[in-house]
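Please read the structure below before turning to the comments.
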């Protein structure tokens with residue numbers, strides 16, 4: 001297949017005369033500018049995607065996909081409610097829990113944490129955090145000797161200066177009413193293990209105890225705070241939460257069969273962390289727009305480079321027009337020339353960005369303060385869609401940068417450059 005003449009001429013213009021070596025250097029600078037912009041953009045977008053994915057994994061590793069709660073602050077018939085929830089399509093498993101805020105004391109050190117009371121038999125099915133304890137086991141939460149166990153985060157152990165096997169005091173801020181007024185409620189627990197979620201917020205403020213111990217300590221009797229639910233597809237959690245609300249809504253019907261209104265509501269993981277994930281999504285979009293300006297700046301090099309070529313090749317353009325070349329053909333020469341610069345720079349930048357992301361992902365040589373960023377290293381997620389979006393944007397900008405110089409080339413009057421030849 002014979003290619004049009006302007007393809008060959010566009011490629012030939014990459015080889016400049018020796019006395020015009022500057023143009024070749026400008027071409028190199030233009031390619032390098034586009035490549036640097038694309039590499040920076042792909043790397044930053046991959047890091048932002050890594051932050052989103054890593055944070056999502058850590059949140060879902062500690063929390064359930066869906067939480068079913070009661071408007072009455074507690075659920076007494078949680079066993080029958082769990083059966084109805086498990087019957088909903090898409091639900092993998094469920095488990096009751098109790099949620100409470102307490103203070104832990106060891107010696108003269110005191111630290112406030114959130115304590116979850118869980119059922120050791122079913123609690124590990126709804127979250128992953130207790131399946132990979134650093135030390136201890138969840139079975140030790142329920143002791144036959146009467147001494148209750150507790151599992152805390154790694155940072156809690158550091159703050160209290162405790163080790164596995166130590167005894168700590170759990171103090172409730174609510175307390176009990178005594179003859180002399182409000183008396184703080186306190187109970188001793190033995191540290192039977194610790195976990196490390198890799199997220200400072202959880203490692204420093206979370207603890208787990210047995211469900212029965214939590215019911216006695218918080219005065220729930222036979223009730224629980226809510227029911228945690230794990231689903232098969234986390235991205236269908238919102239619709240499954242709606243189905244759960246419909247499935248349990250008939251539990252509030254009166255003896256006369258008249259519906260009195262919903263007693264329970266379900267919240268999925270996206271709803272519970274909506275502000276955080278919305279902020280990450282917006283930040284990723286803003287970073288994409290800002291860093292695209294780097295490619296935009298590089299496109300000015302393409303404009304200046306093409307203008308210099310038009311000035312240098314004005315005589316040749318005039319000859320081609322005199323031989324019958326159309327203005328469209330002249331425009332195509334410089335548009336293809338600039339587009340090749342953009343495509344070459346984009347290809348180099350994409351390959352460099354992919355390589356840099358691979359280094360960051362495999363070697364983790366950039367560490368982060370976990371108490372500030374929730375993460376201890378710079379996460380990276382290479383998403384092909386992100387790379388395609390960046391490449392498309394870079395090539396589009398490079399193509400748009402060729403329009404004005406190409407239009408100027410097409411306007412060259414064939415008479416003027418050849419007047420004195």
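Readers should treat all values here as calculations from the given coordinates under stated rules, not as data from a laboratory. Since this is a predicted model, take the numbers as computed values, not measurements. Quick reminder, even Gly has a Cβ in these numbers, built from the backbone with ideal geometry, and neighbours come from all protein chains shown.
Pull out the extension gain between residue 290 and residue 408, defined as 0.36 nm times the separation in residues minus the alpha carbon to alpha carbon distance; nm, one decimal. All intermediate terms of the calculation are to be shown ahead of the outcome.
Working: separation 118, 0.36 × 118 = 42.48 nm, distance 3.01 nm.
Result for the pair: 39.5 nm of gain on full extension.
If I build a Gaussian network model for the chain, linking alpha-carbon pairs within less than 10 angstrom, which residue out of 387, 97, 25 has the largest mean-square fluctuation?
Of 387, 97, 25, the Gaussian network model singles out 25 as fluctuating most.
Counting only DSSP beta bridges with both residues in the stretch 72-262, what percent are antiparallel, rounded to the nearest 5?
Numbers: 35 of 45 bridges.
Antiparallel bridges: around 80 percent, rounded to the nearest 5.
For the chain, what is the per residue volume of the convex hull drawn over the alpha-carbon atoms, in cubic angstrom?
Working: hull volume 97.0 nm³, N = 421.
Value for the chain: 230 Å³ per residue.
Assuming 0.36 nm per residue, please report the length gained on full extension of the stretch residue 383 to residue 282 beyond their Cα-Cα distance.
Working: separation 101, 0.36 × 101 = 36.36 nm, distance 1.74 nm.
Stretched out fully, the residue 383 to residue 282 stretch lengthens by 34.6 nm.
Could you work out [θ]222 nm for the chain from helices alone, using -39500 (n - 2.57) per DSSP H run of at least four and dividing by all its residues? Round to the nearest 500 deg cm²/dmol.
On the way: 14 runs with 209 residues, N = 421.
Value at 222 nm, helices only: -16000 deg cm²/dmol.
So for the pair residue 265, residue 134, with labels modelled 7 Å out along Cα→Cβ, what separation do we get in nm?
3.7 nm
Using a Gaussian network model on the chain with a 10 Å cutoff between Cα atoms, which of 32, 214, 83 fluctuates the most?
83
Tell me, what is a quarter of the convex hull surface for the C-alpha atoms of the stretch 1-127, in nm² with one decimal?
The orientation-averaged projected area of the Cα hull of the stretch 1-127 comes to 20.7 nm².
Which of these, 393, 266, 318, has the largest mean-square fluctuation under a Gaussian network model of the chain (Cα springs below 10 Å)?
Comparing 393, 266, 318 in a Gaussian network model of the chain, the most mobile one is 318.
Mean separation of Cα pairs under 8 Å and 6+ residues apart, divided by the residue count of the stretch 72-262: what relative contact order is that in percent?
Values: 376 pairs, mean separation 59.9, N = 191.
Here the relative contact order equals 31 percent.
When N counts the residues of the stretch 72-262, how does its alpha-carbon radius of gyration compare numerically with 2.2 N^0.38 Å, as a ratio?
This ratio for the stretch 72-262 stands at 1.13.
Efficiency by 1/(1 + (r/R0)^6): what FRET value for residue 297 and residue 355, r their Cβ-Cβ distance, R0 = 22 Å, to the nearest 0.05?
On the way: r = 23 Å, r/R0 = 1.05.
Here the calculated transfer efficiency is 0.45.
Please work out how much length the chain gains when fully extended from residue 83 to residue 108, using 0.36 nm per residue of separation minus the C-alpha to C-alpha distance, in nm with one decimal. Don't skip to the answer; put the middle values down first.
Details: separation 25, 0.36 × 25 = 9.00 nm, distance 4.52 nm.
Value of the extension gain: 4.5 nm.
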